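**Student:** Let me begin by handing over the structure; questions about it come next.
The values are calculated or read from the model by the stated rules, or taken from the named source; none is laboratory data. What you see is a predicted model; the values in this text were computed from it and never measured. Side chains are part of the model used for accessible areas, which takes the heavy atoms of the whole protein and leaves out ligands, DNA and RNA. Shrake-Rupley method; radii C 1.70, N 1.55, O 1.52, S 1.80 Å.
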Amino acid sequence: MKVRRAGDTALLVETADLATAHRLHAAIRAAAPRGVIDVVPGERTVLVVADARQCDLGRLAAWLPTLPLPERPDDGMAPVEIPVVYDGEDLDEVAGLTGLSRTEVVQRHTAASYTVAYLGFSPGFGYLTGLDPALHVSRRESPRTAVPAGSVAIAGPYAAVYPSRSPGGWRLLGRSRLPLWDVTRDPPSLLQPGAHVRFVADEEAR
């Protein structure tokens, strides 16, 4: 674990892997050190933002590597179940690229257990690991200028749900009515780093 300065008010902790980043993120949140105002996990990093008036960054940098880490980063976090109508524009294309039928694509997508690796791209957009390797397909060569909110998509080793309307090049498998980003909710993002996610076929919404 390496701790580096990131400007005048933050530290960037480099970890060995994603699991350690999640565990460190959970440990810092639980410890709630005075002066720390935000903790942002990445794939192998954790950014710790502090109020320099309340926190000595040098002491914080020395303390972080000594912080005991929980065995699991998701203690107390209920799994998130996302209902999906599998009628996406790219479902047939994904089936062709993978050599699977539409039904098999859906079965493999719903059978997997996902973990929120980190949030990025847009507010509430979670990069989910755990996608079946048989469904690892590249992004579209030509991104769409507007992907509807709730679109369930895959690209490379990741799965995701677009929390808001935005450009995007991921391949669309379906759609969900579950709101992933709500500014009236605390926290606004339904998905949090380290949380477990399952996709469930929502036939009633057709």
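**Student:** In degrees, nearest 10, range 0 to 90: what is the angle between the Cα axis of helix 102-111 and the longest Cα principal axis of the chain?
**Tutor:** Taking Cα atoms only, the helix is inclined about 30 degrees.
**Student:** Looking at the chain as a GNM with Cα springs under 10 Å, which of Q107, Q192, Q54 has the largest mean-square fluctuation?
**Tutor:** Q54
**Student:** Write down the accessible area per residue of the range 167-206 in Å², having rolled a 1.4 Å probe over the full set of protein chains. Let's see the in-between values first.
**Tutor:** Working: 2180 Å² over 40 residues.
About 55 Å² of surface per residue is accessible.
**Student:** Among T98, T110, T20, which one moves the most in a GNM of the chain with springs linking Cα atoms closer than 10 Å?
**Tutor:** Answer for the Gaussian network model of the chain: T98.
**Student:** Then there is this: For the range 80-201, build the convex hull from the C-alpha positions and give me its volume per residue in Å³.
**Tutor:** Working: hull volume 10.6 nm³, N = 122.
Convex hull of Cα atoms, per residue: 87 Å³.
**Student:** Still on this structure, I have one more. For the chain, what does the helix formula give at 222 nm: sum of -39500 (n - 2.57) over DSSP H segments with n ≥ 4, over the residue count, nearest 500 deg cm²/dmol?
**Tutor:** Details: 4 runs with 39 residues, N = 206.
Per the formula, -5500 deg cm²/dmol.
**Student:** How long is the chain along each principal axis, judged by its Cα atoms, biggest number first, in Å?
**Tutor:** 56, 34, 32
**Student:** Taking the square root of 5 times each eigenvalue of the Cα gyration tensor, what semi-axes in Å does the equivalent ellipsoid of the range 2-66 have, largest first? Spell out each step's value before the answer.
**Tutor:** Working: eigenvalues 64, 29, 19 Å².
For the range 2-66, the ellipsoid semi-axes come out as 18, 12, 10 Å.
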